[in-house]
1. Kindly establish whether Leu186 is at pLDDT 95 or above and over 30 Å from Val287 (Cβ atoms).
2. Looking only at residues that are within 23 Å of Arg239 (Cα to Cα) and among the hydrophobic types (A, V, I, L, M, F, W, C) in the range 278-297, which one is nearest to ligand 2 (Cβ to nearest atom)?
3. If you take the residues in the range 347-370 that are outside any loop (DSSP other than H, G, I, E, B) and within 24 Å of the chain's Cα centre (by Cα), which one is farthest from Val402 (Cα to Cα)?
4. Can you name the residue in the range 240-268 that is more than 15 Å from ligand 1 (Cβ to nearest atom) and of a type in the set (A, V, I, L, M) and, of all such residues, is surrounded by the most Cβ atoms within 10 Å (Cβ to Cβ)?
5. Name the residues in the range 399-429 that are without any contact (Cβ under 8 Å) to a residue 60 or more places away in the chain and touching a helix residue (DSSP H, G or I) at 6+ places or on another chain (Cβ under 9 Å), would you?
6. Which count do you get for residues in the range 190-215 that are away from ligand 2 (no atom under 16 Å from the Cβ), of a type outside the set (A, V, I, L, M, F, W, C) and closer than 13 Å to Cys261 by Cβ?
7. Would you mind stating whether Phe275 is within 23 Å of Glu235 (Cα to Cα), within 16 Å of ligand 1 (Cβ to nearest atom) and touching a Lys or Arg at 6+ places or on another chain (Cβ under 6 Å)?
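The values are calculated or read from the model by the stated rules, or taken from the named source; none is laboratory data. Being a predicted model, the structure only gives us computed values, none of them experimental. Every residue, glycine as well, gets a Cβ built from its backbone with ideal geometry; the counts of neighbours run over all protein chains shown.
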Amino acid sequence: MVLGPGGREHAIIRALLADPEVEQVHCAPGNAGIAQIVPVHAVDANDPAAATGLARELGADLVVVGPEAPLVAGVADALREAGFPVFGPSRAAARLEGSKAFAKEVMAAAGVPTAMARVATTEAEAADALDGFGAPYVVKDDGLAAGKGVVVTADRAEALAHAAACFAAGGSVVIEEYLDGPEVSLFVLTDGTRVIPLSPAQDFKRIFDGDEGPNTGGMGAYTPLPWLPDGFVDEVVERVARPTVDEMRRRGTPFVGVLYCGLAVTRRGLRVIEFNARFGDPETQAVLARLATPLGRLLLDAATGRLDEAERLRWRPESAVAVVVAAQDYPGTPRTGDPIGGLEAAEALEDVHVVHAGTAVAPDGEHAGRVVSAGGRVLAVVALGAGLDQARERAYRGVELVALEGSQHRTDIALKASRGQVDLPTVSNSAPRQEQA
Ligand code: AMP
Ligand code: GLY
């Protein structure tokens, strides 16, 4: 049983269905694309009692929790208490994503390299922290905000205004030192003790080409990353994932599921930007397109404390690119209810598939029975290719076939990487040691 409504869950379900050991998959609540491939259930995935009730009804052998909201609501705890193997952390462990201040505290305790940060609860504290770190300013809402609670700006007034808005909503903020250098998303599967990294990916957070405009949940992704230094994944496992998993276990709140390490490759070396307690969206759409190891067994082993670190995951040799098609006005309030055309034509392209996110089948009205837009990020076109160039070309051919009025997409997903133009900052060794920690 897979819980969640989005593209990540559609991608997970596609991979589960490709695992010969998986007999049946069910989803709640799903979307129009998921409903085309497995039974969906109109159950509130964020409600622990409702999710547990559905798992009982289905006799689920494994529950995979997709998004952060049910994790933070304690859905995994309720399911585990009821005896189900669950891929996804407890409410206590999901605080690594649910509270940025908590994540910073765990990283400090575990010696994990991250941006220097201060928590502020008043405008005076915020102003003081901003001036302490200097521009560019980084201000983060302390709670969950679907990737949209972070403001990175050179404008001090804008940074202060974001902090003030968070205080007005009853929250606090984390103000950080700015991290230069490209970002990497690395997903690490864990059973609470052992860790297995997946293939690193890069996400595109801003709405417009050239990383302009506001932050979104993610507008596209690609994998693998040809520009990463050798040994990068091992370094993240040993300096970030393993110490964090060990620290969570030591605290009596083991982290079981996928630890999403959001990283920056900076002048001073590797830094954690954020942790998430679940797979990334849309990175998962690209990463799972390349995974050749059956997913069901892996997730079950993580859920039941039986991950085998010696297992080498198998990856298809191709590159994967995922391009998100978003609704008009996203990341503001998106326009919804518009019919989506061209889906079959896109899927008919070689090595191309469409992963649905915010889609629904219109129950009535003008478009009754048709697939319509129902969220900000509507779908992703995912393509495999012999290299990033070919994967890009195929994905964009698919995007051109998708017809959705007012839709937006970035045209530069994986473009720099395909041209060898991702710049790694020159590593400086002059930084004092405590800043490395
Ligand atoms: P987060 O929600 O913490 O992942 O932040 C969202 C996005 O804001 C990240 O993916 C980065 O692009 C950007 N960001 C967050 N923290 C920093 C930082 N300390 N320095 C530079 N950019 C950041
Ligand atoms: N793509 C960013 C995230 O899933 O948080």
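1. no
2. Phe279
3. Ala360
4. Only one residue tops the list, namely Val256.
5. Across the range 399-429, the qualifying residues are Glu400, Leu401, Leu415, Ser418, Arg419, Gln421.
6. 2
7. no
Per-residue answers, yes or no, for (1) among the charged types (D, E, K, R); (2) part of a loop (DSSP other than H, G, I, E, B); (3) touching a residue at least 60 places away in the same chain (Cβ under 8 Å):
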residue: Pro89; (1), (2), (3): no, yes, yes
residue: Glu97; (1), (2), (3): yes, no, yes
residue: Phe102; (1), (2), (3): no, no, no
residue: Ala124; (1), (2), (3): no, no, no
residue: Asp128; (1), (2), (3): yes, no, no
residue: Asp131; (1), (2), (3): yes, no, no
residue: Leu160; (1), (2), (3): no, no, no
residue: Ala163; (1), (2), (3): no, no, no
residue: Cys166; (1), (2), (3): no, no, no
